[in-house]
Structures are given as C-alpha cells and as structure tokens.
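The values are calculated or read from the model by the stated rules, or taken from the named source; none is laboratory data. Only a predicted model underlies this, so the values are computations on that prediction, with no experimental measurement involved. Neighbour counts run over all protein chains shown; Cβ positions are idealised from the backbone, glycine included. In case anyone asks, the SASA skips ligands and DNA or RNA and just uses the protein heavy atoms, side chains included. Shrake-Rupley method; radii C 1.70, N 1.55, O 1.52, S 1.80 Å.
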Amino acid sequence: MELFDCGRDNYKNFPDVLDKLKNQIDVHKPDYIIVIDADVFSANEPIIFLTSDEKLFLKINNAGFLNIQGYELIKEAN
C-alpha cells in the first residue's frame, strides 16, 4: 500500500478522525498520520492494516470509527 498524499500533512484534512485518534484512543504522531492515510485509502480500496506495534494494533483494532477493513499484528523479523 502506498500512503495516501504522503508527506503533505493529509491528516490535517480530517480533523474529526485526528481528534478521535488523539483524544479517544490515544494515538499520536507519527502513528496517527499513517492511520489516517490508511483510513482515507480504505474509503475506496479494502485494505488490511499491518503493524508490528501491539499497542497500536489494539488501539485501532477496537476503535470502531475507521474505514479500515481489517487489522493484522505481525511479528518483527529477528
């Protein structure tokens, strides 16, 4: 997946999602930038969000307000 509008502060165009990520489920920069890009991309394409960050995985997996189709926790390579 290519990040939507990567590097152009795309997250600023979605203040409601940004507010929910920061204040309701405690996701902060740079993670919220990636999550919002994935959320926007998912509005048109079904995607699975992959992360090796278990805390982030649990937060966004249970959020309930994102377009993201599914989530998968992957183990980091040793």
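Here are the numbers:
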| quantity | calculated |
| --- | --- |
| Positive-end extreme of charge dipole, the chain - chosen from ILE68, ALA43, ILE33 (charges on Cβ) | ILE33 |
| Total formal charge among the other residues, if their Cβ is under 14 angstrom from that of ALA63, Lys/Arg +1 and Asp/Glu -1 | -1 |
| 222 nm mean residue ellipticity, helices alone, for the chain (DSSP H n ≥ 4; -39,500 (n - 2.57); rounded to 500) | -9000 deg cm²/dmol |
| Value of Rg/Rh across the chain [Cα atoms, Kirkwood radius] | 0.94 |
| Solvent accessible area, Å² - TYR71, 1.4 Å probe, full protein context | 50 Å² |
| Table column - 3J(HN,Hα) (Hz), region 30-40, Karplus curve with 6.51, -1.76, 1.60, x for Gly and Pro | x, 4, 5, 5, 5, 5, 5, 4, 5, 4, 5 |
| Placed amide H near TYR71: partners under 5 Å, 5+ positions off or other chain | PHE49 |
| About the Cα centre, charge dipole magnitude for the chain (Lys/Arg +1, Asp/Glu -1 at Cβ), debye | 200 debye |
| The chain: relative contact order in percent, alpha carbon pairs under 8 Å with at least 6 residues between | 29 percent |
| Packing-based ranking, highest mean first, of 60-68, 35-43 given that Cβ atoms within 10 Å are counted | 35-43, 60-68 |
